[in-house]
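The values are calculated or read from the model by the stated rules, or taken from the named source; none is laboratory data. This one's a predicted model, so the numbers in the text were calculated from it and none came from an experiment. In this analysis, Cβ positions are derived from the backbone assuming ideal geometry, glycine residues included, and neighbour counts consider all displayed protein chains.
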């Protein structure tokens, strides 16, 4: 029976390479790889067409209560068998290798890691004992497939991964067609962004482009542009969003640049009744997205 290579040291070169991918955007770009942690995120990632290059599994965590693991392997470095959960690594050779079958050369490499090594490479607990290095691919405007009545959210220069991830979750919940990141100041495969989005970075169509490219693309598809801004604006709930709509938002500190203000079909605002004049961009995005959903009768 084939046995996956077992890694028990955090100094292993493969573990060091994985940590570098987690920590450095330059390494991700140069190697064409990024890291996905957890079964849920990995499922979404593969379903979106991304291809795993290398998979690291901690059997002690991945197989609950020893599922699929022979008794002698539960507390030791024994051979791992392929239980039902191994099958969830969709489209990869992990399940077969864990069953002792040699995967084809086109399938990902699979390594078994000890609990102490997994704790070193995992950002958070409860990620089910699986981490993968995925092959990088560009996310482009021309790859987006729109519905008959699209709803799109555009973010200009929003740089905090946590904010981007939260907006992606709202976009997923609202069933938005796509999220477009304009003039991005963070890379789309930042581990913090992937974690904050809980996989929505893969379940939604996402693209990175310049503001000029995005404006041209929206106009080519006759999508009305609504910019969220306090100045010279109408209340968002008085603005019809039942047709093809793009909601455009900028940073909390500086808002949108003039190119978007001039390109807009309508300027909209959320009423501010307190002493402050700004909501977190992810909260604002959720309010505006679900107003569009409400106006459309609860459906996109």
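Below is a table of values for the structure above.
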{"read-out": "In the stretch 231-254, the residues that are over 24 Å from the mean Cα position of the chain (by Cα), surrounded by 13 or more Cβ atoms within 10 Å (Cβ to Cβ) and at pLDDT below 90", "value": "233"}
{"read-out": "Entirely in the stretch 206-300, the strands (runs of 3 or more DSSP E) that have 2 or more residues that are within 27 Å of residue 137 (Cα to Cα) and in contact with a helix residue (DSSP H, G or I) (Cβ under 9 Å, 6 or more places away or on another chain)", "value": "245-249"}
{"read-out": "Some residue of the stretch 131-138 being at pLDDT 85 or above, in contact with a strand residue (DSSP E or B) (Cβ under 8 Å, 6 or more places away or on another chain) and at positive phi", "value": "no"}
{"read-out": "Filter pass, residue 264 being within 25 Å of the chain's Cα centre (by Cα) and either free of Cβ contacts under 8 Å to residues at least 24 places away in the same chain or assigned by TED's automatic domain parsing to the domain that holds residue 166 (or both)", "value": "no"}
{"read-out": "Checklist (1) outside any loop (DSSP other than H, G, I, E, B); (2) in the same structural domain as residue 32 (by TED's automatic domain parsing) applied to residue 169, failing item", "value": "(2)"}
{"read-out": "Conditions (1) closer than 17 Å to residue 129 by Cα; (2) modelled with pLDDT of 60 or more; (3) crowded, with 17+ Cβ neighbours inside 10 Å: number failed by residue 79", "value": "(2)"}
{"read-out": "Per-region count, the stretch 191-203, residues buried (at least 22 other Cβ atoms within 10 Å of the Cβ) and not in a helix (DSSP H, G or I)", "value": "2"}
{"read-out": "Any chance residue 164 is closer than 23 Å to residue 224 by Cα and touching a strand residue (DSSP E or B) at 6+ places or on another chain (Cβ under 6 Å)", "value": "no"}
{"read-out": "Residue count, the stretch 26-44 (criterion: at pLDDT 90 or above and either part of a helix (DSSP H, G or I) or in the same structural domain as residue 195 (by TED's automatic domain parsing) (or both))", "value": "6"}
